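Participant: Got a structure here, written out as structure tokens. Questions coming.
No value in this document is a laboratory result; all are computed from the given coordinates. Given the structure is predicted, the values throughout are model-derived calculations rather than measurements. Because the Cβ atoms are built from the backbone with ideal geometry, glycine has one as well, and the counts that use them run over all protein chains shown.
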Amino acid sequence: MRFLLDTEQRAFAESLDAMLTAAGTPAVVRAWGRGEHEAGRALWARLAEAGVFALAAPEKYDGVGPLPVELTVAFVELGRHAVPGPLVETVTAAVLLAGLDDPGPAERLLPALVSGKAMATVAPSPGSYALDGDAAATRLALAPETGELRLAPGHGPVRPSLDPARRPTRLSPGGDLLATDPSLLAHAVVRARLAVAAQALGVGLSLLDRTVAYVRQRTQFGVPVGSFQAVKHRLADAKVALEFARPLVFGAAVTLDPADAAAAKVTACEAAYTTARTALQLHGAIGYTAEYDLSLWLTKARALRSAWGSPAECRGVVLGGGGFRR
């Protein structure tokens, strides 16, 4: 089966790519990692103007969706440019708020998320970490076993992370109970895993492009290292892994099936991680330095593997024996 984007979807991807290229995201990522949110919030507002967050919300809450395929297109580009912030969590919060029986919280909180005036974060399970709780205005805590969804009153200190641009915090216990609905939480997890898969695919594609460009320029024995057969094989393996993941990601966006989303996530994240290892090896010593921009994608590829479910958990879902655990 082939999943081809239509003309409007390709134009949307190209417009996001052009905007994010001009934005100089590496500097934004580094500032975000230091806890300086001004540049990140400015970029967030531009993404909202482009309609990214509106894709996750219904029209009655100022959105244009839900449009999961278009949102997947957007998240591939967000991953390609390593955009920081609780992107997955904000669209997941939009899904959760829009699905409540009581429209009050959605009417109060969703328009700000759609417009980019506010960010949201979500703790996937009791005691787990929520991404960027210090930057998010809306903080939701899930309890998948009971189906409880709560609006957390606050957050704890930021903890160190493998990816400096991912700033985990624990949410304060308690808070307003918004729903007790396991099916709503399960549906939101599917959307989160799909968004992570798309983001990882974009990260992997960027790593591959950067590595191809590097091996064309770096020379050894008077010739580009990219001309070596062993280098070509490593890059070809990475390319095949990413291209194999692409239809799974967009197929899951069409079906929104839990097993399809889990398969897309584990495949895309493993492909991105494999590409990261290849990129690190082919860049040599320079790839290990935090000052080199490649590191921003390397660390993100590693962190996304366990976001919203480890590879083992996602494989369990695909095999029919797993649920969401953290």
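Participant: Return the equivalent ellipsoid semi-axes of region 249-317 as a descending list in whole Å, where each equals the square root of 5 times an eigenvalue of the C-alpha gyration tensor. Numbers along the way, then the final one.
Facilitator: On the way: eigenvalues 159, 23, 18 Å².
Equivalent-ellipsoid dimensions as semi-axes: 28, 11, 9 Å.
Participant: Compute the distance from the alpha-carbon center of region 252-326 to that of region 87-135, in whole Å.
Facilitator: 23 Å
Participant: Quick check on region 149-250: what are the equivalent-ellipsoid semi-axes from the Cα gyration tensor, as sqrt(5λ), descending, whole Å?
Facilitator: 43, 19, 7
Participant: If the viscosity is 0.692 mPa s and the temperature 37 °C, what translational diffusion coefficient in µm²/s does Stokes-Einstein give for the chain when Rh comes from Kirkwood over Cα pairs?
Facilitator: 165 µm²/s
Participant: Taking other Cβ within 10 Å of each residue's Cβ, how do ASP260, ASP237 sort, fewest first? Could you put the intermediate results ahead of the total?
Facilitator: Numbers: ASP260 22, ASP237 14.
If I rank by nearby Cβ atoms, fewest first, I get ASP237, ASP260.
Participant: For the chain, which span is the longest to avoid every loop-located (per DSSP) member of GluC sites (Glu not before Pro) having at most 13 other Cβ atoms inside 10 Å?
Facilitator: The longest uninterrupted stretch comes out as 146-290.
Participant: Over the Cα atoms of region 83-207, how large are the radius of gyration and the largest Cα-Cα distance (Dmax), in Å?
Facilitator: Values for region 83-207 (Cα only, Rg and Dmax): 13.9, 43 Å.
Participant: I've got another one for you. What list of ³J(HN,Hα) values in whole Hz, one per residue of region 17-22 in order, does the Karplus curve 6.51 cos²θ - 1.76 cosθ + 1.60 (θ = phi - 60°) give from phi, with Gly and Pro shown as x?
Facilitator: Here the 3J(HN,Hα) series is 4, 5, 5, 6, 5, 5 Hz.
Participant: Quick one: angle between helix 229-255 and the longest Cα principal axis of the chain, in degrees between 0 and 90, rounded to 10, please.
Facilitator: Long axis of 229-255 versus the principal axis of the chain: about 20 degrees.
Participant: Below 21 Å Cα-Cα, how many Lys pairs turn up in the chain? Only count pairs eight or more apart in sequence, or on different chains, if you could. The partial results should precede the final answer.
Facilitator: On the way: LYS60/LYS117; LYS239/LYS265; LYS239/LYS300; LYS265/LYS300.
Lysine pairs meeting the criterion: 4.
Participant: Which three numbers, in whole Å and largest first, are the semi-axes of the equivalent ellipsoid of region 1-98 derived from its Cα gyration tensor as √(5λ)?
Facilitator: 23, 18, 11
Participant: How many times 2.2 N^0.38 Å is the alpha carbon radius of gyration of region 203-301?
Facilitator: Here the answer is 1.19, to two decimals.
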